[in-house]
1. For segment 129-149, give me the residue count where each residue is open to solvent by 40 Å² or more (accessible area, probe 1.4 Å) and either farther than 20 Å from residue 187 by Cβ or not in a helix (DSSP H, G or I) (or both).
2. Among the residues of segment 64-84, is there at least one that is among the β-branched types (Val, Ile, Thr), in a strand (DSSP E or B), more than 15 Å from residue 191 (Cα to Cα) and in contact with a His (Cβ under 9 Å, 6 or more places away or on another chain)?
3. Say we look at segment 1-23 and pick out the residues that are open to solvent by 70 Å² or more (accessible area, probe 1.4 Å) and without any contact (Cβ under 8 Å) to a residue 60 or more places away in the chain; which of these is nearest to residue 60 (Cα to Cα)?
4. So which residues in segment 108-140 are within 21 Å of residue 11 (Cα to Cα) and acidic (Asp, Glu), if there are any at all?
5. Applying the selection to segment 87-126, what residues are in contact (Cβ under 8 Å) with a residue 12 or more places away in the chain and among the hydroxyl-bearing types (Ser, Thr, Tyr)?
6. How many residues, within segment 13-37, are over 18 Å from residue 165 (Cα atoms) and part of a loop (DSSP other than H, G, I, E, B)?
7. If you go through segment 93-110 one residue at a time, do you hit one that is in a helix (DSSP H, G or I), within 16 Å of the chain's Cα centre (by Cα) and surrounded by 20 or more Cβ atoms within 10 Å (Cβ to Cβ)?
8. Could you list, in sequence order, all residues of segment 24-49 that are open to solvent by 30 Å² or more (accessible area, probe 1.4 Å) and not aliphatic (A, V, I, L, M)?
Amino acid sequence: PQGEPVLFLHRNPGSRLLDPDSTATASAGVRLITIDRPGYGRTDPVADPTRAAVASDVVAVVGDIGVDDVALIGWSGGGVFALEAAAALGRRLHSLSLVCTPAPDEEIPWVPDDFRALMAQVSSDPAQALASITSACCFYAESPEAAVESDPGPADAEVRAQPGIADALRTMMREGARQGAVGMAADIVSASRGEPLPLAEIQAPVRLWYGDAYWVGLEHGRWYADRFANSQLQSVPRAGHLLPLTNWRAILDTA
């Protein structure tokens with residue numbers, strides 16, 4: 001509790017029930033804070049999901065626990081929410097780290113083709129889009145543990161084979177699907193509304209972490225790096241989407 005506070009926003013899908021490397025967390029002497037976004041775990045789902053609502057939750061948590069200088073880390077789909085929260089935290093933000101976070105699809109296309117039609121509904125009818133995307137993500141609700149295997153590359157398969165990793169990921173995924181797929185869908189709706197990211201409002205140092213064995217690669221990190229005056233971009237050899245589980249101490253040391 002007396003350590004330097006680090007708030008970690010999980011991937012999509014996922015949940016708060018993941019310490020990427022508990023040994024590294026302990027040795028780094030940080031106070032690790034994790035929260036679920038709306039619809040995940042035991043949180044209340046929202047009818048009109050937005051990034052701003054998630055940022056408001058983060059600010060409230062930071063205020064409630066009395067933290068004045070917090071490092072914020074967003075993993076993958078959690079990164080866009082970390083960006084929004086970073087801007088909302090203002091002077092209370094110590095640093096922002098994005099790990100395997102994709103750039104906006106309109107800048108670097110990455111959204112799967114079979115999801116594009118669903119996401120196109122978001123701007124005109126977010127409520128209907130939320131219902132449609134929740135239905136389309138029923139595979140996660142039906143088998144959350146199968147999402148552990150959703151990173152198909154050999155680099156991530158090697159990480160999952162390490163002792164305890166797959167079990168930790170299953171715990172995270174099961175909790176994330178406690179209410180079905182609504183949390184996953186809310187993330188997608190929130191991130192697909194076409195609202196610009198508040199990049200210019202973030203003045204704290206920004207750390208960008210990308211693996212060269214994941215399809216969201218270094219070009220996404222460069223897109224962010226080009227838009228921040230104070231940023232560092234790190235490419236991790238032979239790392240995939242599970243990069244934070246194998247490089248957590250390095251991420252914490254630079255946060």
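The values are calculated or read from the model by the stated rules, or taken from the named source; none is laboratory data. Given the structure is predicted, the values throughout are model-derived calculations rather than measurements. So basically every Cβ, Gly included, is an ideal-geometry build from the backbone, and we count neighbours across all protein chains shown. Side chains included, ligands, DNA and RNA excluded: accessible areas come from the protein's heavy atoms. Shrake-Rupley method; radii C 1.70, N 1.55, O 1.52, S 1.80 Å.
1. Counting residues in segment 129-149 that are open to solvent by 40 Å² or more (accessible area, probe 1.4 Å) and either farther than 20 Å from residue 187 by Cβ or not in a helix (DSSP H, G or I) (or both) gives 1.
2. Yes, segment 64-84 has at least one match.
3. Looking at the filtered set, the residue picked out is 1.
4. Answer for segment 108-140, where residues must be within 21 Å of residue 11 (Cα to Cα) and acidic (Asp, Glu): 113, 114.
5. 95, 97, 101, 123
6. The qualifying residues number 3.
7. No, because not a single residue in segment 93-110 is in a helix (DSSP H, G or I), within 16 Å of the chain's Cα centre (by Cα) and surrounded by 20 or more Cβ atoms within 10 Å (Cβ to Cβ).
8. Selection gives 27, 29, 31, 34, 42, 43, 44, 45, 48.
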